[in-house]
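Here is the structure we will look at, set down as structure tokens.
The values are calculated or read from the model by the stated rules, or taken from the named source; none is laboratory data. It should be emphasised that the depicted structure is a prediction, and the values quoted were computed from it without experimental measurement. Note: ideal-geometry Cβ built from the backbone for every residue, glycine included; neighbour counts use all protein chains shown. Remember, those area values only see protein heavy atoms, side chains included, never the ligands or the DNA or RNA. Shrake-Rupley method; radii C 1.70, N 1.55, O 1.52, S 1.80 Å.
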Amino acid sequence: MFQVLLLLGLLIRLILVPLPGFKADVAFWKGWGLAAADKGVLWMMTNTNYNYPPGFAYVLWLVNKIYAMFADSHEISSYWADNNVLYLFLLKVVTIIADLLVVWVIIKIGRVILNGVKRSEGSGERSEGKNVSPDSSSRPSVGTQNDKKKEAQNNKWLKTLALFYFLNPAVIFDGVVWGQVDQFGLAFLSASCYLLLINRPKWATAALIVGCLMKFQNIIFIPLFFLYIFKQYSIKGLASSLATGFLTFIIVIFPFLLTKQIDRLVWLLTVNSDWFPWYSLNAFNGWWIASGLKGMSVNDKQLVFGITSAKQLGLYLFVFAYFTGFITVFFSTKKNLFRNFIVACALAVFAFFHLLTQSHERYLFPVMGLLPILFIYKIKPETLNPKSETNSNVQKFRISFKNILLTFLIFYSLISVTFFTNMYLSMGWNYPDQVIPHFTSKQTLGWSWRIAVGQILLFGVFIVWVFRRMRQMRLMRLMGVMGVLLAGVLLWQNSPYYRGKPVSLTSLKPIGFRQDYLTPQINKTVESGRGVKFWNRLSVNYYFYDKGIGSHADSEITYHLDRKFSRFSTDYGIDTESDQSARVYFSLIGDSRELFKSEAKGRFDQPGTTTVDVKGVNYLTLRITRSGESNFGAHTDWLDPKLVR
């Protein structure tokens with residue numbers, strides 16, 4: 001039956017392969033893959049708008065190389081067609097393979113947990129077979145006929161768990177309908193977990209790092225992973241794994257080293273930290289509700305608590321949740337280490353989706369593979385195989401197992417349904433022709449808040465379960481200390497505002513900007529944006545300032561004040577490094593109303609100063625416009641800008 005259902009899952013996927021999916025994502029894959037195949041992987045990553053980790057570029061290169069064996073990728077009408085079945089097959093078959101790998105790994109992990117492991121002769125490492133697993137030191141060895149019967153029964157349930165993942169509509173939709181590659185991250189994570197469990201820490205490290213360079217969201221697992229290594233293998237093992245991870249990283253990014261383009265590599269690894277500065281990218285979570293169901297229209301730099309932005313508040317909440325998982329692993333016994341590591345990873349994924357802003361609708365995906373692994377620990381050997389086979393004992397254990405199974409099925413099904421619906425509605429919102437039935441915009445918004453509430457409640461259920469484990473481990477007091485510490489940091493950050501002291505505008509993040517040259521620089525000249533060797537202090541005609549914003553004409557930088565301030569003061573002028581011919585106007589705009597405009601300022605003018613009334617102002621814009629026809633070398637500064645409550 002397992003093979004039949006597995007084939008059914010494969011058949012469903014193959015039938016859905018021709019669907020164009022999320023057309024924008026697939027178009028990016030095509031463009032980047034074509035550039036990689038024609039010009040090389042490095043050229044593509046440094047000369048296009050590619051914004052994924054370096055590892056994924058090799059996958060796109062391979063897909064296009066294989067495509068070129070069967071069709072001409074330069075035949076525009078066929079290659080770029082939404083229904084290019086050959087390309088869709090080559091792209092999506094990779095995610096299908098990743099799904100199969102996850103299935104295999106779930107079964108392998110379960111066998112180690114339930115059936116035990118043995119140490120490899122002469123190596124001191126463990127592999128599947130006889131003896132005991134790290135989490136089941138008291139379980140009997142397999143060998144007798146009765147043990148083999150129990151092992152077969154265990155394997156049946158493990159295959160069933162793996163099928164929960166493989167036949168999951170959310171998993172199928174994400175891969176072969178949407179056309180995304182979240183399976184990559186989960187496949188490498190799950191492979192790394194299995195390698196950890198059988199004591200292959202170096203291979204586990206390599207798998208984790210490759211996974212991070214395929215799907216960058218996997219970096220949230222890195223601290224937990226190396227903490228596990230430290231707990232299991234001490235400092236020496238940690239040092240060895242760190243070296244392996246570093247070597248793996250160097251191998252993948254070697255082309256950047258060879259061509260001395262480290263700055264581009266750093267950009268690729270950091271650019272997505274603020275690529276979409278919104279409350280929510282159709283992730284139906286608390287931020288989606290807080291945005292008024294307009295997650296992709298509300299900037300996450302908006303102030304929500306004093307001078308703390310939504311993004312900053314989300315980060316505080318995430319840090320607390322992550323700390324919870326971290327100490328779960330840190331204070332774990334070796335017997336429960338792997339189980340607590342999986343708990344911490346699942347908590348990190350839930351927190352990443354629910355607590356941080358800028359979350360995508362798909363970021364809950366790793367939970368689909370982690371929850372079945374967690375459930376394995378609820379299948380106690382005596383639950384499946386009672387030692388005393390009297391009628392009363394058998395009946396008792398059967399009822400116990402049915403309750404455990406029912407609880408898992410309800411929770412996993414609800415998570416899957418809400419996650420699937422989240423992706424389905426998001427797809428329909430962007431590409432109505434890709435979903436049946438299609439919902440109107442009003443219907444989509446109506447369903448979105450219901451799904452958001454459902455997903456928040458399920459997250460809450462998981463949090464309660466984690467807290468119960470924390471209480472059993474006697475870690476609640478430590479969590480309380482961390483909560484107080486984070487609250488203290490939050491209050492300290494807001495103390496100038498609540499005490500009525502001046503607040504430097506440089507402590508706030510703009511919700512948006514437009515600038516003709518480079519980007520606004522905090523406490524540095526605009527030319528500093530070219531790199532470290534160009535860093536320079538702010539100064540106007542050699543009057544130096546420690547705080548301010550280095551800008552350039554023409555520019556507009558907008559901040560959200562949330563009507564919380566009464567006055568704004570700033571000095572301004574042409575920076576000392578500017579061209580001698582530069583002349584500009586400085587203006588302050590409050591909610592589309594001009595509050596101040598300076599006379600034309602030149603390179604050798606003294607710094608100007610102004611104070612304006614900003615009572616009731618929601619958005620404050622700092623505007624710089626050229627005085628003449630040219631803005632060449634017009635490096636400008638807003639100096640010591642301050643807000644007063």
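What the table below lists for this structure:
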read-out	value
Some residue of segment 227-235 being in a helix (DSSP H, G or I), open to solvent by 10 Å² or more (accessible area, probe 1.4 Å) and within 30 Å of residue 19 (Cβ to Cβ)	no
Selection from segment 226-244 of residues that are within 25 Å of residue 318 (Cα to Cα) and in contact (Cβ under 8 Å) with a residue 40 or more places away in the chain	227, 228, 231
Residue within segment 561-570 that is open to solvent by 60 Å² or more (accessible area, probe 1.4 Å), in contact with a Ser or Thr (Cβ under 9 Å, 6 or more places away or on another chain) and closer than 16 Å to residue 504 by Cα present	yes
Contacts under 7 angstrom Cβ, first residue in segment 45-61 being outside the structural domain of residue 28 (by the TED database), partner of a type in the set (Asp, Glu), 6 or more apart	none
The one condition in (1) among the aliphatic types (A, V, I, L, M); (2) more than 19 Å from residue 603 (Cβ to Cβ); (3) open to solvent by 30 Å² or more (accessible area, probe 1.4 Å) that residue 508 fails to fulfil	(3)
Matching residues in segment 263-302 - criterion: being assigned to a loop (DSSP other than H, G, I, E, B), open to solvent by less than 50 Å² (accessible area, probe 1.4 Å) and touching a residue at least 24 places away in the same chain (Cβ under 8 Å)	277, 279, 283, 284, 285, 293, 300, 301, 302
Residue match in segment 303-310 (condition: of a type in the set (Phe, Trp, Tyr), under 18 Å from the mean Cα position of the chain (by Cα) and open to solvent by 10 Å² or more (accessible area, probe 1.4 Å))	no
Residue list for segment 429-482, restricted to those being β-branched (Val, Ile, Thr), open to solvent by less than 90 Å² (accessible area, probe 1.4 Å) and in a loop (DSSP other than H, G, I, E, B)	435, 440
Selected residue (only one of 320, 352, 338 is in a helix (DSSP H, G or I), open to solvent by 50 Å² or more (accessible area, probe 1.4 Å) and not assigned by the TED database to the domain that holds residue 225)	320
Matching residues in segment 156-171 - criterion: being farther than 25 Å from residue 111 by Cβ and open to solvent by 10 Å² or more (accessible area, probe 1.4 Å)	169
Whichever residue in segment 181-216 is polar (S, T, N, Q) and surrounded by 24 or more Cβ atoms within 10 Å (Cβ to Cβ) and, among such residues, is farthest from residue 327 (Cα to Cα)	183
Leading residue by the ranking (nearest to the chain's Cα centre (by Cα)) among those in segment 67-112 that are loosely packed, with under 14 Cβ neighbours inside 10 Å and among the β-branched types (Val, Ile, Thr)	97
Where residue 617 falls short, out of the listed (1) within 20 Å of residue 562 (Cβ to Cβ); (2) surrounded by 22 or more Cβ atoms within 10 Å (Cβ to Cβ); (3) in contact (Cβ under 8 Å) with a residue 60 or more places away in the chain; (4) β-branched (Val, Ile, Thr)	(3)
